[in-house]
1. For residues that are within 14 Å of the ligand (Cβ to nearest atom) and either in a helix (DSSP H, G or I) or at pLDDT 95 or above (or both), scanning just region 14-31, find the one that is nearest to the chain's Cα centre (by Cα).
2. Can you give me the number of residues within region 32-78 that are in a loop (DSSP other than H, G, I, E, B), under 11 Å from the mean Cα position of the chain (by Cα), crowded, with 16+ Cβ neighbours inside 10 Å and of a type outside the set (Gly, Ala, Ser)?
3. Answer with yes or no whether residue 44 is modelled with pLDDT under 95 and within 16 Å of the ligand (Cβ to nearest atom).
4. Does residue 71 satisfy the condition of being without any contact (Cβ under 8 Å) to a residue 24 or more places away in the chain and closer than 11 Å to residue 4 by Cα?
Amino acid sequence: MAREVTHEERGPAVLDESDMGDDDLIYVCRCGLSDTKPLCDGSHNATADEDEGVVYKYENDDSEGERREVDEIVYADE
Ligand code: FES
């Protein structure tokens, strides 16, 4: 499983202790669907039933948006 996500930011995010959860850890989103990037907001739960070997696109990169399968991502140097 994988998903295509559009990123619009052009620079890094700076994290500090205010980004820590109640357990004093910082959870960084790696699924690409969080509404509070770069922090995880639990949106990754929508990916739990994605199939291996399939690339998905969520409408508006929203975990509640319609999910569809997309063609495999092909990189220019492959
Ligand atoms: S890893 Fe992306 S929302 Fe949790």
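1. Kept after step one, since they are within 14 Å of the ligand (Cβ to nearest atom), are these residues of region 14-31: 19, 21, 25-31.
Restricting the remaining residues to those that are either in a helix (DSSP H, G or I) or at pLDDT 95 or above (or both) gives 19, 25-31.
Details: 19: 18, 25: 19, 26: 16, 27: 12, 28: 10, 29: 6, 30: 5, 31: 3 Å.
Checked region 14-31; the qualifying residue nearest to the chain's Cα centre (by Cα) is 31.
2. Looking only at that region, the number is 4.
3. Values: modelled with pLDDT under 95: no; within 16 Å of the ligand (Cβ to nearest atom): yes.
Against the criterion (modelled with pLDDT under 95 and within 16 Å of the ligand (Cβ to nearest atom)), residue 44 does not qualify.
4. Working: without any contact (Cβ under 8 Å) to a residue 24 or more places away in the chain: yes; closer than 11 Å to residue 4 by Cα: yes.
Yes, satisfied.
The values are calculated or read from the model by the stated rules, or taken from the named source; none is laboratory data. These numbers come from a predicted model, not from an experiment. FYI the Cβ positions are ideal-geometry reconstructions off the backbone, even for glycines, and counts take in every protein chain you see.
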